[in-house]
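Engineer: Dumping the structure here so I can ask a few things about it.
The values are calculated or read from the model by the stated rules, or taken from the named source; none is laboratory data. This one's a predicted model, so the numbers in the text were calculated from it and none came from an experiment. Cβ placement follows ideal geometry from the backbone for every residue including glycine, while neighbour counts extend to all protein chains displayed. Heavy atoms of the whole protein, side chains included, go into the accessibility calculation; ligands, DNA and RNA do not. Shrake-Rupley method; radii C 1.70, N 1.55, O 1.52, S 1.80 Å.
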Amino acid sequence: NKLDNLDAQLELSNGNQIDLLNEKIKAYEDLAMATESSLLYKRDRAMELGRRLSLEYGFKVNDDGTIDNTAERLTKLRDTLSDTEFDAVNDYLQEYFDVALDEIPDLEKQLLEYQKDLKDVQREKLETTKKIEDEITKIYEKQIEVTNSLLC
């Protein structure tokens, strides 16, 4: 919402565009930092769940987040674990798959989008600054012309 609000203000404003762009940059930096923090937490959680599934229940967790022997291990565990323990394993698997294969990739994509958007706003700020500088230069040049014409 803050970014939408800043975009609306930028469309309506002529005077304080640099300040608004600075606020927008700060908002994207904050979003990127929060997303990085969430991403670190989710990666840690996926590693913790993967270790548990591997060490305690014999699942083969791959580096890419997939698990090779899920159906085979579940069949064997169904015969050896109580219903409560088996349900817990299913819950661990579901959470692992949700985190490792859905949430982490989504957060990585979102982080890249925030970083791209941040770069775009920084470029927009640079272009706006250049336009302002060009306008100031034109004003000075006109003042110099007027002064020179008065002196002649």
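Engineer: Can we say Tyr114 is closer than 20 Å to Leu31 by Cβ and either among the aromatic types (Phe, Trp, Tyr) or outside any helix (DSSP H, G or I) (or both)?
Structural biologist: When the stated conditions are applied, Tyr114 passes them.
Engineer: Given the conditions (1) in contact with a helix residue (DSSP H, G or I) (Cβ under 9 Å, 6 or more places away or on another chain); (2) outside any loop (DSSP other than H, G, I, E, B), and given that Gly65 satisfies all but one, which numbered condition is not satisfied?
Structural biologist: (2)
Engineer: Would you tally the residues in the range 73-101 being within 17 Å of Arg45 (Cβ to Cβ) and not in a helix (DSSP H, G or I)?
Structural biologist: Going through the range 73-101 one residue at a time, the tally reaches 0.
Engineer: Just to be sure, is Ile67 of a type in the set (Val, Ile, Thr), within 25 Å of Glu108 (Cα to Cα), in contact with a Phe, Trp or Tyr (Cβ under 7 Å, 6 or more places away or on another chain) and open to solvent by less than 60 Å² (accessible area, probe 1.4 Å)?
Structural biologist: Here the answer is yes, as Ile67 does meet what is asked.
Condition check ((1) within 14 Å of the chain's Cα centre (by Cα); (2) modelled with pLDDT under 95; (3) more than 30 Å from Leu20 (Cα to Cα)) across all residues:
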residue: Ser38; (1), (2), (3): yes, no, no
residue: Ala46; (1), (2), (3): no, no, yes
residue: Leu53; (1), (2), (3): no, no, yes
residue: Thr66; (1), (2), (3): no, yes, yes
residue: Glu72; (1), (2), (3): no, yes, yes
residue: Leu101; (1), (2), (3): no, yes, yes
residue: Asp106; (1), (2), (3): yes, no, no
residue: Leu111; (1), (2), (3): yes, no, no
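Engineer: Please go through the range 16-41 and pick out each residue that is open to solvent by less than 30 Å² (accessible area, probe 1.4 Å), touching a residue at least 24 places away in the same chain (Cβ under 8 Å) and either on the phi > 0 side of the Ramachandran plot or among the aliphatic types (A, V, I, L, M) (or both).
Structural biologist: Answer for the range 16-41, where residues must be open to solvent by less than 30 Å² (accessible area, probe 1.4 Å), touching a residue at least 24 places away in the same chain (Cβ under 8 Å) and either on the phi > 0 side of the Ramachandran plot or among the aliphatic types (A, V, I, L, M) (or both): Leu21, Ile25, Ala27, Ala32, Leu39.
Engineer: Select from the range 80-91 the residues that are under 13 Å from Gly58 (Cβ atoms) and either open to solvent by 60 Å² or more (accessible area, probe 1.4 Å) or in contact (Cβ under 8 Å) with a residue 40 or more places away in the chain (or both) and list them in ascending order.
Structural biologist: Within the range 80-91, just Thr80 meets the criteria.
Engineer: Go over the candidates Ala46, Ala32, Ala100, Ala71 one by one and state the one that is within 30 Å of Arg123 (Cα to Cα) and of a type in the set (Gly, Ala, Ser).
Structural biologist: Going through Ala46, Ala32, Ala100, Ala71 in turn, just one is within 30 Å of Arg123 (Cα to Cα) and of a type in the set (Gly, Ala, Ser): Ala32.
Engineer: Suppose we keep only residues that are more than 29 Å from Val99 (Cβ to Cβ) and of a type in the set (S, T, N, Q) within the range 1-36. Which one would you say is modelled with the lowest pLDDT?
Structural biologist: For the range 1-36, the residue satisfying everything is Asn14.
Engineer: Could you please let me know if Asp102 is of a type in the set (Asp, Glu), farther than 30 Å from Leu39 by Cα, exposed (fewer than 13 other Cβ atoms within 10 Å of the Cβ) and free of Cβ contacts under 8 Å to residues at least 60 places away in the same chain?
Structural biologist: The answer is no for Asp102.
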